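Comments concern the structure below.
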Amino acid sequence: MSRFFLFFIVIVLVMAGAALSWWAFSLPGEVTFPVGQEIVAVRSGVAAIFVALLGGLIALVWWLATGILVLPGRISKARRLARTRKANAALAEGLLAAEGGDSKAALKLARRAMRHAEDERLKLLLEARAAEANDDWAGAERAWGLLTRLPGGQLAGLRGAATAASERGDQLTAESRAREALALKSDADWPFNSLFDLQVSKGDWDKALETLNQGEKRAQVEALNAKRRRAVLHTAKAVGLPHTEKLAAQKALGEAIRSAPDFPPAAYHGARFLMTDGKVKAAQGVLELGWKARPHPALAQLSRRLIPQDSRFNIAARLKGLADSNPNHRESRILSAEVAMDSADWVGGIRILALLVEENPTARLCLLMERALKGYGDPVEAQRWGRMAASASREADWSDIDPKGSAFDYDRAAWSRLVYAFGDVGDLVHPRYETYGRELEAGRVLALPLADEGPVMPKAPQGPLTQPLDYAPDED
């Protein structure tokens, strides 16, 4: 198709030239000009054609002259373009090699790119990546640091320098670089995440709270997640404070409860601090607030022990207050069964547990059923439920309670992990559950009866049940 158009254009030009020549030769008159002492006369058409040819020749000579003058510049430009293409190819191949883990090729291509590339930022970027591929974190940090001084490379340089410092084990430098990046006006969320992660991993709860406030203001963390993270941080801070700073710990726990009432460790430790001060009523109120938001067996265990050597009636009243604050929850129903068994209402306890077992026969419920049946006076059936407890599913919430009654006794690493587990997902971390800690203590009452109260007589007659337990799951 292009050849046809070229041929057509040539035909048109030839026809135009022929028409112009015919028009020129048809012009009347002559053009005279002196040549020496003679006067030469030329027809007007010939003169016109001569002038046109002379103009074309002048244009050709001018084009050639200017071409010769600009030729060195064009050669230089061509060389620069060729060098740029080589540099770009080396940079692309070097970055791909670094990302692919080919450290030798990345280093070789980085050296080649440094010879050809004109943009210093690209050379430093490839140099840093090649150093990272070779586990040369000191070299990578140096290259990233140089990149931070160039226009447009500050944010990327700070991120790379923070990562390299962290890999070297220099957490202080990594935190400093992340803090510098957070101070920049940028929509990038990595400075907040990196700085927050470093502070949480070190257990620096106060600085982590400050960083969290900054991230929340910049909308780099969701509002709900920020509240739950804040609750964990305040609780971890309070638990780690010495006894001499009890008021600061209580204040931090108050902030935690206000941030996330559904965080059981905050309610537990908040009530525990009030209990040590003898503020039993306030402690019970905190427990009921936490139970209403998110029931947890640890709250009930602490409610049992608010007053040492307290009467069964008072303990039952406090536990009933918890259950009534969230009556339809599974934990409230379990607590109601425990209260019934504490008062020797074995039939009432069995009725409540029977419905719960039909929903999910966990080891904890099997052990509670074993206790209820023993109290009722059916040891054979009680032993069967005890055997089933060994193979039944376990409950994470209960396993977070130590057999001696304490709960949420986390170390720094566990608190750090809880910041994200509860803060971002709403789940509680249960180290005892994750490490397959003992759970068979679940069927035992941790609060001991008073010595002067004596044994409590059961309300139901002793002996086997008059009807079989058709709700009991088959024994494996």
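The values are calculated or read from the model by the stated rules, or taken from the named source; none is laboratory data. Note that the structure is predicted; figures quoted are calculated from it, not measured. Here the Cβ positions follow ideal geometry from the backbone for every residue, glycine too, while neighbour counts run over all protein chains shown. For the accessible areas, the whole protein counts, side chains as well, though only heavy atoms, and no ligand, DNA or RNA atoms are used. Shrake-Rupley method; radii C 1.70, N 1.55, O 1.52, S 1.80 Å.
Structural remarks
- Heavy-atom accessible area order for THR244, THR163, THR276, largest first, 1.4 Å probe: THR244, THR276, THR163
- Stretchable slack from ARG387 to ASP409, in nm (0.36 nm times residue separation minus alpha-carbon distance): 4.9 nm
- In percent, rounded to a whole number, the relative contact order of the range 305-429 is 14, using alpha-carbon pairs under 8 Å and six or more apart.
- With Cα atoms defining each centre, the range 200-262 and the range 122-158 are spaced 35 Å apart in the structure.
- The range 115-187 shape via C-alpha gyration tensor axes, a/c threshold 1.5: oblate
- Using a Förster distance of 56 Å, the FRET efficiency for ALA65-ALA183 (Cβ separation, nearest 0.05): 0.40
- Shown for the range 288-373 is the translational diffusion coefficient from the Stokes-Einstein equation, using the Kirkwood radius over Cα pairs, a temperature of 37 °C and a viscosity of 0.692 mPa s: 252 µm²/s.
- Amide H contacts of ALA407 (H built 1.01 Å from N, under 5 Å, at least 5 apart or other chain): ASP402
- Listed cross-link partners LYS227/LYS281; LYS320/LYS374; LYS202/LYS246; LYS202/LYS251; LYS185/LYS237 are compared with a 25 Å cut-off, the Cα-Cα value being larger for LYS227/LYS281; LYS185/LYS237.
- Projecting label points 7 angstrom from Cα along Cα→Cβ for ALA316 and LYS251 puts them 4.3 nm apart.
- Cα-based shape type of the range 202-360, given that a ≥ b ≥ c are square roots of the gyration tensor eigenvalues and the cut on a/c is 1.5: oblate
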